[in-house]
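The values are calculated or read from the model by the stated rules, or taken from the named source; none is laboratory data. In this text, all values refer to a predicted model and were calculated from it rather than measured experimentally. Note that we place each Cβ from the backbone using ideal geometry, even for glycine, and neighbour counts take in every protein chain shown. Accessible surface is based on the protein model in full, side chains and every heavy atom, while ligands, DNA and RNA are left aside. Shrake-Rupley method; radii C 1.70, N 1.55, O 1.52, S 1.80 Å.
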Amino acid sequence: GVMAVANVNSNDVKSSSSNYGSYVSISAPGTNILNTLHNNRYGTYSGTSMSAPLVASAAALVKSYFPGLSMQQVGEQLRITSDNIDLKNPSHIGELGKGRLNVLRALTESPPSIRNQKLTVVDKGGGSIPAGDTVQLYFDLKNYLSPATGLSVSLSTGSSNATVLTPQQTVGDFATLETKTMIGPFKV
């Protein structure tokens, strides 16, 4: 129920002081943000303490614009409409969330948001996965936003220690808030 926010500069590059990791949901500007200082003056601050309020205010705006969305759906709307910044952060690919906050896209686009809910692994070793075993993977997926039609799911690996034998499964249509279970098997 919480979104972790990373801090990027005006060039969409991760700030040296920002958090990062697979747990981050989204990035937002947080470097040299004009703010109120002590003694009734203005100045600039940097940090995730500047980027997180941008995401929170965007969430409030999206919720007011789409009052029927749950807060989880609001978070998904922000996340899925963000701009990918991986190319500008090659040493942090996949560690700055889905991308940098884009409020205009969050208010004007209606994409699906299909997320994994559960992974089921079937192997001969009862969880130990012996060398040479063919593992079967099944996914439970949920669509949080707009309907999707003709969905296919692909699995790939960058590891030289594993080969994906069955890389694609056809899922079909996916309604808003629909969950589909045991999609697979993906054989690895």
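Counting Lys +1, Arg +1, Asp -1, Glu -1, what net charge surrounds ILE80 among other residues with beta carbon under 14 Å of its beta carbon? Intermediate results must be reported in sequence, preceding the final value.
Details: positive: ARG79, LYS98, ARG100, ARG105, ARG115, LYS142; negative: GLU76, ASP83, GLU109.
Net of charged neighbours comes to +3.
In percent, how large is the relative contact order of the chain, given Cα pairs closer than 8 Å and 6 or more residues apart?
Values: 391 pairs, mean separation 31.6, N = 188.
Relative contact order of the chain: 17 percent.
Just need the relative contact order of the stretch 1-77 here, percent rounded to a whole number, with Cα pairs under 8 Å and 6+ apart.
Working: 111 pairs, mean separation 20.8, N = 77.
Reported as a whole number, the value is 27 percent.
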remark   = Between LYS187 and LEU37, Cβ-based FRET efficiency (R0 41 Å, step 0.05) works out to 0.10
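Can you send over the carbon and sulfur percentage of the accessible area for the chain, probe radius 1.4 Å, protein chains only? Write down the numbers at each step before the final one.
On the way: 5620 of 10700 Å².
That share works out to 53 percent.
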task = Using only Cα atoms, tell me the angle between helix 71-80 and the longest principal axis of the chain; keep it within 0 to 90° and round to the nearest 10.
result = 90
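Taking the Cα centre of the chain as origin, work out the dipole magnitude from +1 charges on Lys and Arg Cβ and -1 charges on Asp and Glu Cβ, in debye rounded to 20.
Numbers: 14 positive and 11 negative charges, 58 e Å.
Value, rounded to 20: 280 debye.
Given a Förster distance of 30 Å, report the FRET efficiency between SER91 and LEU69 from their Cβ-Cβ distance, rounded to the nearest 0.05. Write out the running numbers ahead of the final one.
Values: r = 34 Å, r/R0 = 1.15.
So, using R0 = 30 Å, E works out to roughly 0.30.
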task = Specify the inter-centroid distance of the stretch 131-165 and the stretch 16-58, based on alpha-carbon positions, in whole Å.
result = 35
task = May I ask you to order 70-78, 8-16 by the average number of other C-beta atoms within 10 Å around their residues, highest value first?
result = 70-78, 8-16
Rounded tilt (10° steps) of 48-65 against the dominant C-alpha axis of the chain = 80
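Averaged per residue, what accessible surface does the chain expose to a 1.4 Å probe, in Å²?
Values: 10700 Å² over 188 residues.
On a per-residue basis, 57 Å².
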